[in-house]
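The values are calculated or read from the model by the stated rules, or taken from the named source; none is laboratory data. Predicted model only: the values in this text are computed from it and were never measured. We place every Cβ from the backbone using ideal geometry, glycine too, and count neighbours over all the protein chains shown.
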Amino acid sequence: MPDSRDIVRVSQVTKIFQLGKVQVQALQGVNLEIAAGNYISIMGPSGSGKSTLFNMIGGLDKPTSGKVFIDDVDIAQLDAYELAWLRCRKIGYIFQTFNIIQVMTALENVTLPMIFAGMNNDSAVEKGIQLLELVGLGDRFRHKPSELSGGQQQRVAVARALANDPAIILADEPTGNLDLTTGEEIITLLKKLSKERNVTVISATHDFKMLNVSDQVVWIRDGRIDKIEDREELSISVGTIGTKQ
Amino acid sequence: MDKHISKEADTSHDTVDRLVFLPFKKSLEMSLKSIQVRFFRSMITTMSLVLAIFFLSFVSVSTDVANGLLATKDPSFRQVLIRSGYDILPEDTTLESSPKQRWIIILSLLVCVVGIINAQLMAVTERFREIGTMKCLGALNRFILRLFLLEAGVQGIAGAFIGAIAGALFSLINALFNFGTFAVGLLSWTDVFLSILFATGVGFVLSLAGVMYPAIVAARMQPVEAMRVEH
C-alpha cells in the first residue's frame, strides 16, 4: 500500500511564457504534494496549465519561480547529466501519441532505456521480454510498431516506461488516441502495475474513465489548483459528471 | 515490499555514479539500422555527395590518364592531348588540373555541402519526435549528436566511395574511346588509386561537415517536443 512519503512536492510554482510581446502566466503559484504509490489524475480543460504543471513534474521544464522536488531533490539544481539520469531511472513516460521509435522493434524500444542505464545487452533483452509479457505482448516482441495496433503500441510504451523500475510514471493523456475499450484496458493495466510495483502514476487527462481508478484527482483551472479530491469524495462527484457527459 | 527496500538500498550508491550510457557499438548498430530502415531517405541525402565526388574523381583520374600519356614523351600523344582540349605548353612534362577546373570542382563541392545540409535538416525535422522520445528516456545531447555523426559518416564513406569508383571508371572508359587502349596501359595505377582515395576522403569530410549543423540542432532539442501532439 502507498506509504506516506511524498515522492513529488511542488511548492509555490509559477510559470510565465513569453509569447511574442505578451506574457502568459500558465501557472500562478501551485502547491501540491503527491504521496508515493498513489494513482493521481490531473484534470482540467485545455489551456488550464495542466500540461505545464505536468511537464514540471516530469523534469521536462523548469519553473519561473518556486520549486519542484522529486524524491526530495530540487530539479532546478540538477545539471544536464543529472536530469538525463533522472529521466532515465526515476521517471517513465507514456505519451498520448505513443512515441514508440518507429525504426525499432517492440523489444528494442523497451531495452533502450535499460541500455542508457548501463545494463548489459543480454540482461536488458531478458528483462525486456519479461516486461512485454507482463503487458500482454509476449508473442509480439519482434514486431515493428507499424505492425502493432494503437492499443498494442501503448502497451509497448507502458513496458518501456517500466524498464528501469522508475518511482514515477508520467502519462500524458495515455488514452487520448485510443478507442473506449482499448483505453479502458490501458487504464486497468496502469492501475494494476501501480499497485503491484508500488509505482506512483501521474496522468494528465480529460478522460473521465480515469477517475474510477484514481486515488486522488487534482483539478486545475486558470493556472491554479481548483480542488484536490480523494477517492472517497470522488464517487459522489463522478456520478454527476457521468450524467453530464 | 521487498523490492522497495532494495530500491532504497541502491539509491545510496546511485549518488556516486549518476550516469547514463550509450556504448559505441550500440550507437553504431542504431545508426546502421536507421540507414537501413530509411534507405530511400538516406539515398536522397547521399545522392548529391555521390554526384559531386563522381565529378571530382572523374577529373582527377582523367588528369592521371593524361599524365600517363605525357610521361611517354611521345610528341604525337602531346598532339592528341592538345586536340582533345588539354592546355599543354611545350615545356610541360606533367599536367596539373587547371585553375578553371579547380574552381568548378570547388563550386560543385560547395553546392554538394549545401545540398547535404538541406537534406539532413529535413531528416532531423522528420525525426523530431523520435529524438524527443530518446531524450525523455534519458539520452544526453552527445548521444544524439553521435548518432547523427555516425550515420552521416557511414553515408559519407559509402556514397563517396561509390561516387569515386564510378567517376574513375567513367574516366577510364572515356580514355578508351578518346585515346585508345594504350592510354589505359600507360596509366599509373598508383595515381588512380590515390585519386580514388582522395575523392573518398573528401566526400567523407564533406558529409560530416554537412551534418554538423543539423546534428547540433537535433541534439539541442528539448524533450518536451516529444509531448507535442501536432506534426
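Identify all residues within the range A:1-50 that are of a type in the set (A, V, I, L, M), more than 26 Å from A:Pro174 (Cα to Cα) and modelled with pLDDT under 90; write none if there are none. Result: A:Leu19, A:Val24. Pairs linking a residue in the range B:82-106 that is farther than 22 Å from B:Ile53 by Cα and in contact (Cβ under 8 Å) with a residue 24 or more places away in the chain to a residue that is aliphatic (A, V, I, L, M) and surrounded by 11 or more Cβ atoms within 10 Å (Cβ to Cβ), with Cβ atoms under 8 Å and 6 or more positions apart or on different chains, are B:Thr94/B:Leu70; B:Thr94/B:Ala71. Screening the range A:142-171 for residues that are over 20 Å from A:Val201 (Cα atoms) and part of a loop (DSSP other than H, G, I, E, B) and picking the one that is farthest from the other protein chains (Cβ to nearest Cβ) gives A:Ser149. In the range A:170-206, the qualifying residues are those that are in contact with a Phe, Trp or Tyr (Cβ under 7 Å, 6 or more places away or on another chain) and among the charged types (D, E, K, R), and the one that is farthest from A:Gly59 (Cα to Cα) is A:Lys191.
Screening B:Cys112 on (1) modelled with pLDDT under 85; (2) part of a helix (DSSP H, G or I) shows it passes everything except condition (1).
The combined condition, being in contact with a Gly (Cβ under 6 Å, 6 or more places away or on another chain) and more than 14 Å from chain A (Cβ to nearest Cβ), is not fulfilled by B:Ser195.
Within the range A:144-172, the set of residues being surrounded by fewer than 23 Cβ atoms within 10 Å (Cβ to Cβ) and acidic (Asp, Glu) comprises A:Glu147, A:Asp165. Scanning the range B:163-172 for residues that are at pLDDT 95 or above and among the aliphatic types (A, V, I, L, M) turns up B:Ala164, B:Ile165, B:Ala166, B:Ala168, B:Leu169.
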